[in-house]
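The values are calculated or read from the model by the stated rules, or taken from the named source; none is laboratory data. Please read these numbers as outputs of a predicted model, since none were measured by experiment. All Cβ positions, glycine included, derive from the backbone under ideal geometry; neighbour counts span all protein chains shown.
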Amino acid sequence: MYNTPMKKLSILLILSIFSLSVFAADFPPLKFSNINLNKKISYNQDTDKWSYGADKQSGNYFVKTKGFGDVPDYINQDKEFAFNTSCDYEAIYDGKFLCYSNADLKFYQISLSENDVIKSPLSEEEITELLSGYKIIKISDFTKSTNAYKMKKGMGSQKVFIYNDTDKSFEDYTFTSGNTKFSKYSLNGFVTILSDGMIQFSSENHPTSESPWYVILVR
């Protein structure tokens, strides 16, 4: 009899964990796959076009390799370091080298100028076209007083992308919640909302004026 309340508490804790339904996945269902390690890619500087495989005419190409930390490097055909994007996701789509940064919550288009990497942020219009089927919420859309954003989920699940239209960093941010179901991914700004409730997007550290939390209220 003495252990009954503790057993009930344990059951409640287990149920609450399962009700959260947070499923980790490598990447959300984007249109194109992340460039794998050891993959060869080529760049034509005259046309600013990228492609998979070695350039048959010039023989120039780059190979994606494991760099320091979690950021991969690209080496040239002479096995010398060529560049890295400092991004967490990279893909070639329609001749463009696109990448995504977890710290920035931004997509970039990559170009090369000799030994320099040129990272051009994609515009909101370009991201909207890229992420068809996603609801895009800008950081500036959250209220200034409470950092909250109200949205209607509608029927079924809702894919959401938080787009950073500021100069803030979101390197250690993640999604958490105690009363709604969602799926999150290793790309920080992406989440699939499965039920109504509240989702918090916040730093692993305690919220500060420099790293505030952001709340999505789903009704």
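For the subset of the range 83-142 comprising residues that are part of a loop (DSSP other than H, G, I, E, B) and among the acidic types (Asp, Glu), which member is farthest from Lys153 (Cα to Cα)? I'd like the intermediate steps shown before the answer.
First pass over the range 83-142, keeping only residues part of a loop (DSSP other than H, G, I, E, B): 84-88, 94-95, 102-105, 114-115, 122-123, 131-133, 142.
Of the ones still in play, those that are also among the acidic types (Asp, Glu) are 88, 94, 104, 114.
On the way: Asp88: 28, Asp94: 32, Asp104: 26, Glu114: 47 Å.
Among them, the one singled out is Glu114.
Determine which single condition Phe83 fails, assuming it passes every other condition in (1) in contact with a Leu (Cβ under 8 Å, 6 or more places away or on another chain); (2) surrounded by 17 or more Cβ atoms within 10 Å (Cβ to Cβ).
(2)
When you check Asn179 against the structure, is it in contact with a Gly (Cβ under 9 Å, 6 or more places away or on another chain) and modelled with pLDDT under 90, yes or no? Break it down into steps so the answer makes sense when it comes.
On the way: in contact with a Gly (Cβ under 9 Å, 6 or more places away or on another chain): yes; modelled with pLDDT under 90: yes.
Yes, satisfied.
Step by step: first the residues of the range 61-76, then only those that are part of a strand (DSSP E or B) and of a type outside the set (D, E, K, R), then the one that is surrounded by the most Cβ atoms within 10 Å (Cβ to Cβ). Which residue is that? Before the answer, list the steps.
First pass over the range 61-76, keeping only residues part of a strand (DSSP E or B): 62-65, 73-76.
Filter once more, so that each one left must be of a type outside the set (D, E, K, R): 62-63, 65, 74-76.
Details: Phe62: 20, Val63: 17, Thr65: 15, Tyr74: 24, Ile75: 16, Asn76: 13.
Checked the range 61-76; the qualifying residue surrounded by the most Cβ atoms within 10 Å (Cβ to Cβ) is Tyr74.
Condition (residue is polar (S, T, N, Q), over 19 Å from the mean Cα position of the chain (by Cα) and either over 16 Å from Cys87 (Cβ atoms) or buried (at least 16 other Cβ atoms within 10 Å of the Cβ) (or both)) applied to the range 152-171: is it met by at least one residue? Give the derivation first.
The initial filter retains those residues of the range 152-171 that are polar (S, T, N, Q), namely 157-158, 164, 166, 169.
With over 19 Å from the mean Cα position of the chain (by Cα) added as a condition, the list becomes none.
No, the range 152-171 contains no residue that is polar (S, T, N, Q), over 19 Å from the mean Cα position of the chain (by Cα) and either over 16 Å from Cys87 (Cβ atoms) or buried (at least 16 other Cβ atoms within 10 Å of the Cβ) (or both).
Condition first: over 13 Å from Phe170 (Cα atoms) and within 13 Å of the chain's Cα centre (by Cα). Now tell me which residues in the range 187-219 satisfy that.
Val191, Thr192
Cβ-Cβ below 7 Å, separation at least six or inter-chain, first residue in the range 108-122 and assigned by TED's automatic domain parsing to the domain that holds Lys96, second of a type in the set (D, E, K, R) and assigned to a loop (DSSP other than H, G, I, E, B): which pairs?
That search, which allows pairs on different chains as well, returns Ser111/Asp48.
Just need a number here: residues in the range 32-60 that are part of a loop (DSSP other than H, G, I, E, B) and either within 27 Å of the chain's Cα centre (by Cα) or of a type in the set (D, E, K, R) (or both). First the steps, then the outcome.
Filtering the range 32-60 down to residues part of a loop (DSSP other than H, G, I, E, B) leaves 32-39, 45-48, 53-60.
Subsequent filtering for residues that are either within 27 Å of the chain's Cα centre (by Cα) or of a type in the set (D, E, K, R) (or both) retains 32-39, 46, 48, 53, 55-56.
The qualifying residues number 13.
Check Gly156, Gly189 and return the single one that is closer than 30 Å to Asp94 by Cβ, without any contact (Cβ under 8 Å) to a residue 12 or more places away in the chain and not assigned by TED's automatic domain parsing to the domain that holds Gly95.
Details: Gly189 fails: without any contact (Cβ under 8 Å) to a residue 12 or more places away in the chain.
Only one candidate qualifies: Gly156.
Considering only the range 126-146, state which residues are more than 18 Å from the chain's Cα centre (by Cα), at pLDDT below 95 and not β-branched (Val, Ile, Thr).
Lys144, Ser145
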